[in-house]
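The values are calculated or read from the model by the stated rules, or taken from the named source; none is laboratory data. Everything numeric in this text was worked out from a predicted model, so none of it was measured. Positions of Cβ are backbone-derived with ideal geometry, glycine not excepted, and every protein chain shown enters the neighbour counts. We work out accessible area using only protein heavy atoms, side chains counted, and drop any ligands, DNA or RNA first. Shrake-Rupley method; radii C 1.70, N 1.55, O 1.52, S 1.80 Å.
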Amino acid sequence: MLIDRSYRKHPMGRAAMRLVQSVFELIQLFPDSEKSGMASMLKRTAASIPPKIANTFMQDEPADAAKALESVIVSLRELAGYLDVAQQLRMTNRRHFRRPRRRANTLYARVREVLDAIEAFEAQSPQPQFHLAA
């Protein structure tokens, strides 16, 4: 099976990669004592988002694509929670959290746009062939 990499060209895929990059940059600012604790949870959660988006592009049915995108939203909420905890524990200056939060919000907005488009598509009848465009 060929892996469809077109998600990387989609604004949602690009936003996901920028988010991962900003989270990894943030982690570099954490104290050495936290490089394995909170940092690993942030890394794991952020790094799980692009593959979930890629999975969305592999779906043939709109409902399956929507389900895959819902899992992205769950991961974004989880990431937001970890960012809140890290900020509350003062892992680094709070201004360093702005970029990852802004990028997470941007990605969330893009995911919502696609989910709304899928819902609109599903409301149509009869149902033509479904494909996410890059």
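Only helical DSSP H runs with n ≥ 4 go in: add -39500 (n - 2.57) per run for the chain, normalise by residue count and round the 222 nm mean residue ellipticity to 500 deg cm²/dmol.
-23500 deg cm²/dmol
By per-residue mean of other Cβ atoms within 10 Å, what is the highest-first order of 8-14, 83-89, 101-107?
Per-residue mean Cβ counts within 10 Å order the peptides as 101-107, 8-14, 83-89.
List nothing, just return the count: lysine pairs in the chain, 8 or more apart or interchain, with Cα separation under 20 Å.
Within the chain, the lysine pair count is 4.
How big is the Rg/Rh ratio for the chain, C-alpha atoms only, Rh by Kirkwood, two decimals?
My calculation of the ratio gives 1.05.
Of the heavy-atom accessible surface of the stretch 58-120 (probe 1.4 angstrom), what whole percent is carbon and sulfur?
Ligands and nucleic acids excluded, carbon and sulfur reach 45 percent.
Quick one: ranking PHE57, PHE24 by accessible area, 1.4 Å probe, largest first, what do you get?
PHE24, PHE57
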